[in-house]
Each structure stands twice: as C-alpha cells, then as structure tokens.
1. Please state the relative contact order of the chain as a whole percent: Cα pairs under 8 Å, 6+ residues apart?
2. Using alpha carbons only, how many degrees (0 to 90, rounded to 10) separate the axis of helix 597-611 from the longest principal axis of the chain?
3. By a straight-distance test (C-alpha under 17 Å), which lysines pair with K119 as possible cross-link partners, with residues fewer than eight away in the same chain excluded?
4. Full extension from K126 to A342: what is 0.36 nm times the residue separation minus their Cα-Cα distance, to one decimal in nm?
5. Rounded to the nearest whole Å², what accessible area per residue is found for the chain with the 1.4 Å probe?
6. Could you order peptides 43-51, 342-350 by the average number of other Cβ atoms within 10 Å of their residues, highest first?
7. What residues from segment 190-223 fall in the zone where the backbone N is under 14 Å from a label point 7 Å along the Cα-to-C-beta line of Y296?
8. Mind checking the full-extension length gain between A362 and D507? Use 0.36 nm per residue of separation minus the Cα-Cα distance, one decimal, nm.
Amino acid sequence: MFRLLKICFLLISVHHAEITHSQNSEDLPPLLHKAVEEVITGKYLNALLDILHFQSSNGWTADILTKVMAYFHAKEVMFTLSSLQMSIKGYLKNLLRQPRQLLFEFQQLDQQQFQTAMKYLFNSRKNHLEMGNITLDWDKTRERLFQSPGVNRTLFLVTLDKCFLALSALDCVDILSQILRVSAVNYLQPEVVGNLPNVLQEDAFRNLSTVFKDLYDKTSANTRRALYGWMKQILQKSCNMSDFNETTSWVSAENLRILGRYMVHLPLEEILKIDLSEIRLFISYDNATKQLDTVYDITPELARAFLERINSSGFDMRNTSTIYRLGLLVCFYDDMEQMDAAVARALLHQMIKCNQLRGFQAEVQKLKSQLLNIAMQNQTLNDILGSLSDAVIGLTSSQLESLSPEAVHNAIATLNQVSGWAKSQVMVLSSKYLSYEKVLSSYNVSQMGALVTGISTQSFYSMNPKELSQIIRGTTSQYLPDLSPAQQQGILRKIAASGDFSSSVKDIQGAFFKEIALSDLWKQTGYNSSMMKEKELRISQALYLYELLSQKNYPVDLLRTGQLVKGVTCQLIESMGTDIFLNNFKFFENNLHLLSPYQVNCLAWKFWKVSNISIPPFLLLVLP
C-alpha cells in the first residue's frame with residue numbers, strides 16, 4: 001500500500017515548476033479537491049481511495065497536476081517530495097502495526113471510499129494498476145497487505161460494520177468469504193459471530209453459511225455453537241414460526257442440508273420433533289450421505305435420535321441401500337435383534353469410517369464385535385474375510401493363523417485399509433500374504449498398506465534397489481515411518497549401496513526423511529526449496545538445509561515449505577528487517593507446532609521490539 005501511495009503522490013508532485021499562483025480550489029474537480037485537503041490533514045488512506053476513484057473515470061493530465069500543486073502553494077503548504085514520502089511511510093507502517101488504529105481508519109471512510117477500497121482489494125481483476133505512465137504490481141501489493149498481522153481481522157470487522165450499508169448483501173458476503181478463506185480465522189470468536197447480520201437475502205445467507213461449513217474444523221467449539229445459533233436464527237425467520245409449537249419443529253429437509261455439519265448442535269428434543277416426511281426427504285437427497293459422513297463430532301444420543309426418526313419415516317433399516325445412506329450414523333446402530341449375517345457385514349463395511357469420530361471409540365468397538373459375531377454365523381472365515389471391514393482387527397491370533405494365504409491375498413484390499421493392528425497380527429497376515437505372492441516386488445508391497453511393517457529387514461534388503469526406490473516414491477511411503485529403525489536402515493543401506501542414493505534421497509517423503517543421516521545429506525547436491533515441502537526434518541537436518549538453501553533463496557521461499565522453520569535460528573530471527581519479519585510472520589504462525597519453545601521465545605521478543613501493540617496473544621504469553 002505504501003508503494004501505491006508513494007506513486008500517487010509522486011504523480012501529483014511533478015511539474016511543480018509549472019505552478020502559478022493564480023489558480024485556486026475552484027480549478028480542481030471536487031473529488032480531487034477533497035483528496036488534496038485530505039493530504040494536507042494527513043488522511044493519506046482517504047486521499048489514496050479518492051484518487052483511485054477519481055482516476056477510474058478521469059485521466060491524469062499535466063494541467064491537473066499543475067492545478068494540484070498550485071492549490072498546495074495557495075494553502076501555503078510547503079514540502080519536499082522526500083519529506084512527504086517519509087511522512088506517508090511512517091503513517092502506513094504505524095497503521096499496519098496497529099490493527100485497532102487501522103480499524104478506526106477504515107471506520108472513518110465514507111461510503112464511496114469504502115466501496116473503492118473493497119473494489120481494489122477484492123474485486124479488481126487487474127494484476128497491475130496504471131497510474132500515469134507508471135505501472136504498479138497490484139497483486140504483490142495486495143498480497144503484502146494481507147500478510148500483515150491483524151489486517152484480515154480488521155478487514156472482517158470493518159466489512160461487518162460498513163459493507164452491508166454500502167454494497168449489496170451478495171457482494172459483502174463475497175468479500176467476507178474471501179477474507180475468511182485467506183486467514184487463520186482465529187478472530188472468529190462468539191462475540192464476533194454475534195455481529196453477523198441477522199437478516200440476509202437467501203442467496204447471500206447460503207453462500208456465507210457454505211463458507212462457515214468449510215471452516216468448521218478451523219473454529220473452536222464455542223464458535224461453532226455461536227455459528228449454529230446464527231444460522232438457526234436466520235432459518236427460523238424464513239419460516240412462519242406461528243405454524244410451529246412444542247410438538248412441531250422448524251427443521252425441514254432443506255434446513256438440515258443448509259446446516260450441514262452444524263446439525264450436530266441441534267438439541268435432542270428438536271430432532272425428535274422433526275416431521276417424518278422432512279426426514280425422509282433429507283435422506284433421499286443425493287448429497288445426504290456425503291453430509292452425514294462428515295458429522296465427526298456427533299454424540300451417540302443425537303445419532304440414535306436421527307436413526308429413530310429415519311426408521312419411523314419408513315426406511316427399511318436392514319436394507320443395504322439405506323445402510324449406505326446413513327453415513328457416520330451407522331457407528332451407533334442399535335437394532336441388533338434377529339439380524340442376519342448379510343446385514344451385519346453391510347454395517348461392518350460402512351463402519352470402517354467410524355475411526356473418524358471424535359471419541360466414543362470404545363462404544364463403536366463393542367458394536368463391531370457384536371456385528372462380527374453375527375457376520376461369521378454359518379460362514380467360514382476364509383470365505384468372508386474381505387467383507388468384515390476393519391472389524392477383522394478383532395479376530396484372535398488362532399483365527400488369523402487358520403486363514404489360508406489365498407484368503408489373505410483376496411482380502412488384501414480390505415486388510416490394507418485397517419489401522420491399529422497388533423504387531424503379532426501384522427506378522428501373521430504379512431507372512432501369509434507374502435507366501436502367496438512368492439516374489440517380493442514394489443507392486444506387492446504397495447498392496448499391503450499398514451501390513452508393510454510385517455516385512456522383515458532381511459526381506460527388504462534382498463529386494464532390487466530400483467524396486468525399493470519405487471516404494472519410497474509410491475503410496476507405501478506413508479507407512480515407512482512406522483517401520484522399525486532396523487527396517488528403515490535396511491532400505492536406506494541397500495539404496496545407498498546401489499549408487500542410486502543421490503536421486504532417491506530427493507524422493508523420500510514424510511517422516512522417513514528424518515532417518516537419513518546428516519552425513520549422507522552432506523554428500524548430496526541439487527537441493528531446492530520446493531522439494532522440502534513434503535518432507536519431515538530433524539532439527540539438525542533443518543539447520544543444515546536452511547543454511548544451504550538460504551544462499552540462493554529468499555526467506556519467504558524457505559519458510560513457506562513448513563518444515564524448514566525448524567532451521568531458523570534466533571540469530572536469523574533477530575537479524576530480519578521489520579518488514580520482512582512482519583510479512584513472513586504468518587509462516588511461523590501457521591507452523592507453530594514445529595517450533596521449539598526457544599524459537600517461540602525469540603519470535604515473541606522480536607515481535608515485541610517491532611510491533612508490541614499488535615503482538616498476538618500466544619506470543620505475549622511466553623514473555624515475562
């Protein structure tokens with residue numbers, strides 16, 4: 001923004017040699033006269049927005065520039081270009097470091113200035129702004145603005161305060177959505193939610209509620225409840241509440257769809273009042289299953305209340321098609337009387353997703369155990385192994401030992417999705433699968449999923465190095481961190497001995513990269529910042545790689561990789577210029593879990609020195 005202002009005032013400061021004393025304010029267009037007065041009073045933000053608006057329908061000419069400078073002279077406002085630039089620079093730097101002041105400045109904008117600000121920040125398609133014969137990289141300017149700590153929160157609050165008075169509801173919702181999607185939304189607290197408009201056009205409400213549904217996992221439990229209350233308030237206003245009483249509900253099929261994951265905040269008594277025809281319509285929606293697959297934080301009581309209403313609405317709860325529509329509600333299925341084996345297997349097949357629930361796993365495992373016993377009635381384990389889903393984890397060692405290699409091979413597509421195996425179970429199943437396959441190849445290993453940990457160190461070491469390299473690059477790489485140190489070193493030693501280590505080391509992803517010795521990293525060349533994005537690093541690796549890559553890369557390119565923040569020393573943090581530090585702070589904030597307490601302490605002191613007024617609370621906590 002500073003660069004944009006500097007260009008504006010550079011343009012209106014040239015040609016001062018042509019100034020004449022005879023010109024006055026009447027020679028200036030009204031909007032430009034207003035902007036010049038704002039410059040004189042130090043309201044640089046207001047002046048910038050008025051100049052941009054003026055320029056949108058008027059061209060800058062030497063004549064206008066002469067009149068502007070004549071007006072300054074008539075007002076006896078004397079300045080040099082350098083002093084004006086320094087004044088603007090100091091003003092904007094202070095503004096961006098003081099979110100409350102920035103909020104105040106935005107609140108003082110008139111409607112036209114606010115509209116102009118929103119237009120250029122959010123709706124401008126221009127990558128560059130042309131001001132006179134100077135071109136500005138507007139994309140970069142806007143990016144730097146959004147990177148400033150506190151700016152996103154300020155823009156969100158001021159948009160709530162002013163936008164719905166100045167622009168259409170749909171435009172304002174679009175602006176709010178853009179702000180929310182580019183920020184960490186930590187500021188979206190219940191008191192902020194309380195300021196959301198309680199009257200919105202239908203399209204605007206649906207668009208904004210969709211954004212809140214997408215941000216569900218990024219918000220706190222209290223904020224989710226507040227957002228549910230806001231959505232409920234608007235949805236109830238769209239209904240004729242006189243039609244509802246203690247026995248009927250405002251919740252329709254469409255309202256359930258709009259609530260999305262927020263449906264888990266419906267009170268139990270409200271669920272039990274939902275009209276059965278509305279429940280039936282909701283479950284019939286094409287996207288109902290997708291929605292019910294995401295209710296990770298639903299409680300058993302609410303899930304069973306929904307199941308009871310679905311059952312009462314006329315759905316056959318033993319029908320396979322119905323079971324597939326229930327999403328995570330199947331995790332709390334409780335109608336076990338006279339259930340046949342086929343229904344039990346259908347339920348087990350769906351319950352593989354239940355490990356996504358936030359809690360209640362003991363209750364889920366108990367249900368799986370009951371269904372497993374029903375599913376195995378009058379069946380041989382070899383025949384039904386692949387249809388038992390992740391309930392197979394409940395099979396005893398003797399039951400697993402009784403399986404044939406062919407049965408394990410045929411069921412591998414199910415077995416490889418299961419997590420939480422005991423080591424003894426993994427050893428039995430891996431042995432049986434590999435005895436059927438005869439030859440250990442990268443393809444066979446890729447089919448094993450978590451069972452890959454049952455392959456012996458010797459078996460890995462006996463593989464072709466190229467096959468091992470393919471394992472490192474393929475989908476199996478996500479399970480390599482779960483291998484024992486002996487297994488991991490067996491793979492790395494075999495690849496290193498083959499002479500192909502230099503190319504392979506760059507393909508090693510995730511936590512497995514941590515197992516590479518620092519001495520082996522020293523021997524390799526050709527590293528770049530982009531290849532670090534998918535790797536997990538030890539601190540010693542990060543220190544070495546950050547120092548190495550910083551010789552040819554800007555800090556922003558290294559910090560955005562994530563893991564390399566571990567390699568930023570306190571000395572580096574302290575040596576960062578104020579602008580570089582503030583512009584790149586979001587990379588530290590987004591990767592706070594990767595930083596050591598010592599690094600966090602260094603960040604806190606650095607932030608305190610450069611901008612103590614806007615220091616984030618989590619940094620303030622670590623200071624004495």
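The values are calculated or read from the model by the stated rules, or taken from the named source; none is laboratory data. All values reported here derive from a predicted model rather than from experimental measurement. Quick reminder, even Gly has a Cβ in these numbers, built from the backbone with ideal geometry, and neighbours come from all protein chains shown. Keep in mind that these areas ignore ligands, DNA and RNA; they rest on the heavy atoms of the full protein, side chains included. Shrake-Rupley method; radii C 1.70, N 1.55, O 1.52, S 1.80 Å.
1. 7 percent
2. Once rounded, the angle reads 20 degrees.
3. Correct list for K119: K140, K162.
4. 71.7 nm
5. The answer is 47 Å² per residue.
6. Put in order of decreasing packing, that is 43-51, 342-350.
7. The answer is 214-221.
8. Contour length minus Cα-Cα distance gives 48.3 nm.
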